[in-house]
Amino acid sequence: MLELNARPLTPQSFAPFGDVIDARTADSFPINEGRTQRHHDIAKVETLGDDARTLISIFVSQPVELPLEISYLERHPLGSQAFMPLHEEHFLIVVAPPGDDVDPAKVCAFFTDGRQGVNYRPGTWHAVQSVLYREGEFLVVDRGGAGNNCEEYPLEVRVTLG
Ligand SMILES: NC(=O)N[C@@H](O)C(=O)O
Ligand code: NI
């Protein structure tokens, strides 16, 4: 069993896996006569393969128990997948870099601060959505279309916090 202690999510630490979606760290500029600040082009949505299209969905998730014990990671080779909390929910992230095999030494675990979302780039191995403490509601942007866009990799991981 791989044991990991989750650490705070930062754009730099998450860079090998995708983007952190956070108004506080994005480039922004005023629009709408100054009434709105546009936090611009925060994450790269990618949809690959036949009949690819972008999906917008909402996930309502029940909280996970801690320590989080998972038995597999998954990846979406044909598209990115973004999760943005709608009510400042905190969630756990377990990721490994894209590739056909997962090197346990490269598996990382993070926790978010409520203001952060993530966008997994295509092929990033990750645990399924794991909200902490209370039911969570997330806006999800990912890829629809032909082909298999969800592959699993068996891996036993236990994640603790703090
Ligand atoms: N299956 C699904 O839509 N969600 C997963 O990909 C996930 O990462 O939670
Ligand atoms: Ni996924």
Scan of the chain for GluC sites (Glu not before Pro) in DSSP loops with at most 14 other beta-carbon atoms within 10 Å gives a longest site-free stretch of 89-134
Bin all alpha-carbon pair distances of the chain at 10 Å intervals from 0 and give each bin's fraction as a whole percent. 11, 38, 37, 12, 2, 0
At 37 °C and 0.692 mPa s, the Stokes-Einstein diffusion coefficient in µm²/s for region 44-138, with hydrodynamic radius from the Kirkwood sum on alpha carbon pairs, is 233
Hand me the chymotrypsin sites (Phe, Trp or Tyr not before Pro) from region 94-161 located in a DSSP loop with no more than 15 other Cβ atoms within 10 Å, in residue order please. TYR133
Distance between region 64-88 and region 6-63 - C-alpha centres, whole angstrom: 15
Test of the criteria: in region 1-73, which trypsin sites (Lys or Arg not before Pro) are in a DSSP loop and have at most 13 other Cβ atoms within 10 angstrom of their Cβ? ARG24, ARG35, LYS44
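Compute the Rg/Rh shape ratio of region 119-162: radius of gyration over Kirkwood radius, all on alpha-carbon atoms.
The Rg/Rh ratio comes out at 0.99.
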Apply 1/(1 + (r/R0)^6) to the Cβ-Cβ distance of ALA105 and ASP27, taking R0 = 30 Å, and write down the FRET efficiency to the nearest 0.05. 0.35
Rounded to the nearest 10 Å², the accessible area of ASP113 at probe 1.4 Å: 70
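The values are calculated or read from the model by the stated rules, or taken from the named source; none is laboratory data. Quantities reported herein were computed from a predicted structural model and do not represent experimental measurements. Cβ atoms come from the backbone with ideal geometry, glycine included; neighbour counts cover every protein chain shown. What goes into the accessible areas is simple: the full protein's heavy atoms, side chains included, and nothing from ligands, DNA or RNA. Shrake-Rupley method; radii C 1.70, N 1.55, O 1.52, S 1.80 Å.
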